[in-house]
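Only one structure is covered here, and it is reproduced in the block below.
The values are calculated or read from the model by the stated rules, or taken from the named source; none is laboratory data. Bear in mind that the values here come from a model prediction, so they are computed numbers and not experimental data. Using ideal geometry, Cβ is built from the backbone for each residue, glycine included, and neighbour counts are taken over all protein chains shown.
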Amino acid sequence: MDDQLQKLITAIHAHQPTADTDVVELAYDFAARAHDGQQRLSGEPYFSHPYNAAMILAELNTSPDIIAAALLHDVPEESAVTIEEIRKEFGDDVAFLVEGVTKVGKVKYRGVERYIENLRKMFIAMAVDLRVVIIRFADRLDNLRTLHVHPREKQLRIAQESLEIYAPIANRLGMGEFKSRIEDAAFKYVLPDEYSWVTHLAIKPRAAQEKYLKKVEKQLVEELRRQGFTDFTVSGRVKHWYSLYLKLLRYDRDITRIYDLVALRVIVPTVQDCYRALGTIHQLWAPLPGRIKDYIAQPKTNGYQSLHTTVVTADKREVEFQIRTREMHQQAEYGVAAHWHYDEKGKQAFRAPKNMRWVQELATWQKEIEENQQHLERLKVDVLKDRIFVFTPKGDVIELPEGSTPVDFAYAIHSDIGDRCSRAYVNDVIVNLDHKLKSGDIIEVLIDKNRKGPSPDWLQFVKSSHARNRIRAATRAERDSFFSKWVSKA
Ligand code: MN
């Protein structure tokens, strides 16, 4: 086994000592061979890219299947090896993940706004399996690392897209670690002047705060011990550049008003301990009114939980604390990604068939992860809103209500196409006009030029109000003209 592979396996076993890594070893050899001789623009061997993406995922504690798919993610696009060969070698599940990642990457570039809108929707469509999105994040993070080799225009496009799409989605999924890393990597390309301004501005005050907090930390550790805490950690958390930049904009660009360049984070075993630790902190230092936030009792919509407080120390300095359990910490850093490494049973639950909708998957998770029930319920409501996302043959994304049919699709493209649609293909297979579409379907509608207008029967099955209104209007117009003819004749 070579050194690189050994490092990857070690990273997996650091989190999951008993994980079966056969699939990872196999994927490593397979992808290394497929990319053999290829180079990235940076001059590195091509394989270093999927390898780095896999490494990011191993460190985030994801399952061997996801890591294997990350190793393979560029094979169908960048080598002669096909997805079918991957399927033969690794099975449906890994092939499905690789295919999903490839699909997300394939959205064509046609003007910034449309592209961004398409990508956003694509992400939601691909969320029939969140593992695909996670791999795509790791892919993107590694691409951001080597962005400097590209021309300015491409740098800007990729960085902007990262800031506008990837980071907010990561945030929505509660993946704070991904969000911050993506933001900081993209920030310096999107706003280079602001980036150097923030980093230069913050470097000294941040070092000063770090030094001061060492004192505070020591005091707190002693007090926690005295109060009988044994199993806890207190550590400094440095504010990320991009979130610092946004905060500076809200504070008149005045860095002296920002007290949480560095904050202290306390991690304890139980929820009860969180509240006890909060009490300990408030006994040592007076809390600032209005700054105590209980995100344990009232989690943020992305599932984030912690207690926050800001206190004034004897030196009249403000210090911010975050208090949480280990589970809350995992959730805050990795969000939904934190739930994959559970165990054989949990893993089984994610072997969803290709057409399984995210809603159903969430329902499965719900059974698996009792303590997060509310969080998942919220995600479901928030992210999906009973919509499906389907594609034109050219890769444009069309958003429709759940249960929509090819007729709804045709009307969403253009009223004339709706009025005259006669046949429909879904994923290259001919279907009836009342066929129920699923997220991710590619739809082609054929029109009959001689057709006068829609059939009133379509009202029995269309779902979108646009199609319904249009059909009603058109059939009413026809009826009216029929009556007017009839009346004038009479
Ligand atoms: Mn890639």
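Things to note:
- Only one entry of Val445, Val462 meets the criterion of being of a type in the set (Val, Ile, Thr) and assigned to a strand (DSSP E or B), and that entry is Val445.
- Residue within the range 131-154 that is within 14 Å of the ligand (Cβ to nearest atom), among the acidic types (Asp, Glu) and either touching a helix residue (DSSP H, G or I) at 6+ places or on another chain (Cβ under 9 Å) or modelled with pLDDT of 60 or more (or both) present: yes
- Yes/no for Ile116 being in contact with a strand residue (DSSP E or B) (Cβ under 8 Å, 6 or more places away or on another chain), modelled with pLDDT under 90, β-branched (Val, Ile, Thr) and away from the ligand (no atom under 16 Å from the Cβ): no
- The single residue among Glu89, Glu99, Glu85 that is of a type in the set (Asp, Glu), out of contact with any helix residue (DSSP H, G or I) (no Cβ under 7 Å at 6 or more places or on another chain), more than 21 Å from Gln4 (Cα to Cα) and away from the ligand (no atom under 12 Å from the Cβ) turns out to be Glu85.
- Entirely in the range 300-409, the helices (runs of 4 or more DSSP H) that have 1 or more residues that are at pLDDT 50 or above, charged (D, E, K, R) and surrounded by fewer than 18 Cβ atoms within 10 Å (Cβ to Cβ): 326-334
- One residue alone among Asp416, Asp428 is of a type in the set (D, E, K, R), more than 25 Å from the chain's Cα centre (by Cα) and more than 21 Å from Lys103 (Cβ to Cβ), and that residue is Asp416.
- Any hit, the range 174-186, residues being within 16 Å of the ligand (Cβ to nearest atom) and at pLDDT 90 or above: yes
For (1) at pLDDT below 95; (2) away from the ligand (no atom under 16 Å from the Cβ); (3) acidic (Asp, Glu), each residue gets a yes or a no:
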| site | (1), (2), (3) |
| --- | --- |
| Met1 | yes, yes, no |
| His15 | yes, yes, no |
| Asp20 | yes, yes, yes |
| Glu44 | yes, no, yes |
| Leu60 | yes, yes, no |
| Pro64 | yes, yes, no |
| Lys103 | yes, no, no |
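- Filtered residue count, the range 242-272, keeping only those that are in a helix (DSSP H, G or I) and crowded, with 19+ Cβ neighbours inside 10 Å: 4
- For the range 268-286, the criterion of a residue being among the aliphatic types (A, V, I, L, M) and within 21 Å of Gly176 (Cα to Cα) is satisfied by at least one position.
- Residues that are surrounded by 13 or more Cβ atoms within 10 Å (Cβ to Cβ) and within 14 Å of Leu400 (Cβ to Cβ) within the range 451-469 comprise Phe461, Val462, Lys463, Ser464, His466, Ala467, Arg468, listed in sequence order.
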